[in-house]
Amino acid sequence: MDSSKRSWSLSTLPPELIEEILYRAPPESLIRAKPTCKEWYSLITSKRFIYNHLDRSRKRFVRTVGTVQILDPVTRTRSETPLPKEFQRPYGVRTMVHCDGLLLCMCGYFNYRNTNLALWNPVLKKITWMKPSTCFTTSDYYGIGYEIKKSRYEYKILRFTDHRYDHNVTYDEDGPEVEVYECKTNSWRTLDTEVDWQVDLSCKGAAVMGNMYWVASKDDEQYILGFDFSVERFKDVCFCPPPAFNNYLACFDGDSLSLLQQDEEEPWHIVVWLTNKLADVDVLFTKYFSVSRSDVPALLDHTDMANPVYFIGKHKRIIAWCEREVFGGDDEIPPTCIIFNEIDEGGVRTQLETERHCGYGYFGTFFCGYVYVPSLVPLPV
């Protein structure tokens, strides 16, 4: 009886008000709401609604270490679900690239040829494996995007290799260095482009407005490398600020890039840089703010720890989720803690431990922590 009353009361609301209510619901709730009635199903599965809802959704953190862990930085609540069987050994997730709620996952362990590529939507719980034209290797980098003037449904995937890990192994010298996969046709095309740069090892890449960006270096110059999916060309976007030991690149405000710099030898000092809009003719970094406080944590303690998962929030605030060894206790081996941090110019505002691992044998995330926006976008392949 209560259910029928509730349905009747909702049906009396204007359609535009119902739509506005549904825009404010998390995507997981919308999946459960689809069978409610034909009108709701038609609305929730329409492209217009899916992308309008995506544009209103807020960022979350995701980790894939034994389980799928999702942290909401606003509510600071963490959910944990079993890791999909497709990502269990020997197909553990090594690194990801995010675009529109879709996670492009490089899977497998550190065997040169034992690498696979999958596209995953954690909300829809859908995974699709992608077949290589020849093979995927540990020297590969990937991007995902779309042509801005076409439908966002027509996603493309970029693969390029810098042969960084090719030493002491046999590989196909005639294999393509740069390829584009069109999800619409399920096929790879080779691009006539020479890879004469190296991507920063800590940079997984950032997708912004349908294009991809990385921190790269060439001739001892560090710069932002971009790939435009509309014309399928790489471009040198702008030089990076004076280098620190660690650089972390992320999307900012939907149309710009942020660069967080923190030196391992001086972890109390963090500098955050922003670009102007990437659609502008001239793109430059300007200093946004810096933090110099003794209580600032090292977001990357050492190379065995995971790269920090972060984004720049409102009011000049760093929102980060990272690993750290905690010393000073009675443990012979310091435990590895997963800690949520909020840091601004005044120092650490919030520090919340979400997970702890003690003893030997903990395999840290290393690459597998990411910022993503949950969405209802279906897999395009």
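The values are calculated or read from the model by the stated rules, or taken from the named source; none is laboratory data. Everything numeric here is computed off the predicted structure, so don't read it as measured data. So basically every Cβ, Gly included, is an ideal-geometry build from the backbone, and we count neighbours across all protein chains shown. Quick note on the areas: whole protein, heavy atoms, side chains included, nothing else; ligands and nucleic acids left out. Shrake-Rupley method; radii C 1.70, N 1.55, O 1.52, S 1.80 Å.
Numbers below:
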read-out	value
Residues of the range 15-33 satisfying the condition of being open to solvent by less than 60 Å² (accessible area, probe 1.4 Å) and more than 24 Å from Lys59 (Cβ to Cβ)	Ile18
Criterion: open to solvent by less than 10 Å² (accessible area, probe 1.4 Å), closer than 19 Å to Leu22 by Cα and not hydroxyl-bearing (Ser, Thr, Tyr) - qualifying residue of Phe87, Phe49	Phe49
Residue within the range 329-351 that is farther than 23 Å from Cys251 by Cα, at pLDDT 90 or above and in contact with a Lys or Arg (Cβ under 9 Å, 6 or more places away or on another chain) present	yes
Residue check for Phe160: within 17 Å of Thr95 (Cβ to Cβ), modelled with pLDDT under 90, open to solvent by less than 10 Å² (accessible area, probe 1.4 Å) and hydrophobic (A, V, I, L, M, F, W, C)	no
Selection count where residues are under 18 Å from Thr286 (Cβ atoms) and crowded, with 19+ Cβ neighbours inside 10 Å, scope the range 195-225	5
Matching option when the condition is in contact (Cβ under 8 Å) with a residue 40 or more places away in the chain and among the charged types (D, E, K, R), among Arg48, Arg58, Arg24, Arg32	Arg58
Odd one out for Ser133, checked against (1) farther than 27 Å from Asp228 by Cβ; (2) assigned to a loop (DSSP other than H, G, I, E, B); (3) among the small types (Gly, Ala, Ser)	(1)
